Amino acid sequence: MSTTPHPNEPERLALTAEEVAKPHAVELEPLVVSDDGVAKLLSISTRHVWSLNSSGRLPRPLRFGRTVRWYVEELRAWIAAGAPSRDKWEIMKETSPPQSAGYQAYHQERPP
């Protein structure tokens with residue numbers, strides 16, 4: 001049996017039953033992470049994450065009620081900038097903020 005289509009047959013555009021049945025897992029990179037995610041990104045313990053946050057040595061987190069999250073993009077930019085203190089980081093962000101539209105909207109709405 002030949003797998004080459006006959007010259008007079010149209011090109012196959014439909015999926016086979018096997019292709020339809022396959023699960024299509026789409027991996028999305030998270031926009032924000034919890035303290036566990038920060039700990040994994042920085043290779044530190046969650047206890048150390050909270051210690052750094054309390055002492056102002058991590059970027060300011062987002063708060064959704066009692067839920068606390070950090071922007072992944074901001075953490076990466078913060079690391080690339082040499083992990084400055086929160087005060088220095090806030091000043092640096094004013095001159096060159098991360099490019100995420102959600103990140104920018106959030107920080108533009110917040111009072112300083």
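Every read-out reported here was derived from the displayed coordinates using simple, explicitly stated rules and does not represent laboratory data. Because the structure is a prediction, the values reported are computed rather than measured. When we count neighbours, we look across all protein chains shown, and the Cβ atoms used for this are built from the backbone with ideal geometry, even at glycine.
Pop a pseudo-label 7 angstrom from the Cα along the beta-carbon direction at both Glu94 and Asp36 and give the gap in nm to one decimal.
Reported label-point gap for Glu94 and Asp36 is 3.7 nm.
First measure r as the distance between the Cβ atoms of Val26 and Arg60, then evaluate 1/(1 + (r/R0)^6) with R0 = 25 Å and state the FRET efficiency to the nearest 0.05.
According to the calculation, E is roughly 0.25.
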